[in-house]
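Taken together, the values in this text are just the output of simple stated rules run on the coordinates, not laboratory data. Nothing here was measured: the structure is a model prediction, and the numbers come from that model. Methodologically, a virtual Cβ is constructed for each residue, glycine included, from the backbone with ideal geometry; neighbour enumeration extends over all protein chains shown.
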Amino acid sequence: MDRNVGSADKIIRIVIGIGLIALVFVGPKTPWGWIGLVPLLTVALGWCPLYTLLGVRTCAPARKA
């Protein structure tokens, strides 16, 4: 798995993930907020399967040694 999630993309995913998870505890208190774990997981891995399928890459290419 090559990393394909860049820094700015990670920040956006963290904000969206935390916002969705907050829906579980405040606001409408809906269990759908647990979907917020998906963007947080992609941040932790640095890899997004959808980006791989679409050929999208938001991070700088890896340097070759």
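So here's what we get for this one:
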| quantity | calculated |
| --- | --- |
| Mean separation of Cα contacts under 8 Å (6+ apart) over length of the chain, as relative contact order % | 45 |
| Charge dipole magnitude, Cβ of K and R +1, D and E -1 - the chain, Cα centre, debye nearest 20 | 180 |
| At 0.890 mPa s and 25 °C, Stokes D of the chain from Kirkwood alpha-carbon radius, µm² per second | 194 |
| Of the trypsin sites (Lys or Arg not before Pro) in region 1-58, those whose Cβ has at most 11 other Cβ within 10 Å and which sit in DSSP loop | Lys29 |
| Fluctuation leader among Gly19, Gly27, Gly46 - the chain, Gaussian network, Cα springs under 10 angstrom | Gly27 |
